[in-house]
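Everything below concerns the one structure shown next.
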Amino acid sequence: QVQLAESGGGLVQAGGSLRLSCAASGSIFSISPMGWYRQAPGKQRELVATITSGGSTNYGDSVKGRFTISRDNDKNTVALQMNSLKPDDTAVYYCYCNAKRLVKLKFENLEVWGQGTLVTVSS
């Protein structure tokens, strides 16, 4: 099994910053990509940012220039630095990864989601 543990959510005023962290644990051969999605009340889950093991990043249009994703491949962790936060950024943020495991001499890919951490931005 592979598990994701998130931390760093909370309440912040508009214009402020927060940093989310996520650590993967379990029987992991490699992880790529790893990243964050979010879901606001009444809305569909949307991409925030992802990063591959090689460092290639992909950002949702609404966060480009404000959020920065980074990862530590050795520790299987990913972080999201969120600056210039807006009330529209209020959502539950979910860590995500696509993990490759070696099971009975065969590789298998596993999509894993964290339980989510709430980010609330007040106006």
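Of the residues making up the range 18-31, those that are within 12 Å of the chain's Cα centre (by Cα) and open to solvent by 30 Å² or more (accessible area, probe 1.4 Å) number 3. Residues in the range 25-60 that are of a type in the set (A, V, I, L, M) and out of contact with any Gly (no Cβ under 9 Å at 6 or more places or on another chain): 4 in all. The set of residues in the range 33-63 being part of a loop (DSSP other than H, G, I, E, B), touching a residue at least 24 places away in the same chain (Cβ under 8 Å) and open to solvent by less than 70 Å² (accessible area, probe 1.4 Å) consists of ALA40 alone. Each residue in the range 64-96 was checked for being more than 24 Å from GLY42 (Cα to Cα), in a strand (DSSP E or B) and open to solvent by less than 60 Å² (accessible area, probe 1.4 Å), and 8 pass.
The set of residues in the range 7-17 that are part of a strand (DSSP E or B) and open to solvent by 30 Å² or more (accessible area, probe 1.4 Å) comprises SER7, LEU11, GLN13.
The values are calculated or read from the model by the stated rules, or taken from the named source; none is laboratory data. Given the structure is predicted, the values throughout are model-derived calculations rather than measurements. Ideal geometry is used to build each Cβ from the backbone, glycine not excepted, and the neighbour counts take in all protein chains shown. Remember, those area values only see protein heavy atoms, side chains included, never the ligands or the DNA or RNA. Shrake-Rupley method; radii C 1.70, N 1.55, O 1.52, S 1.80 Å.
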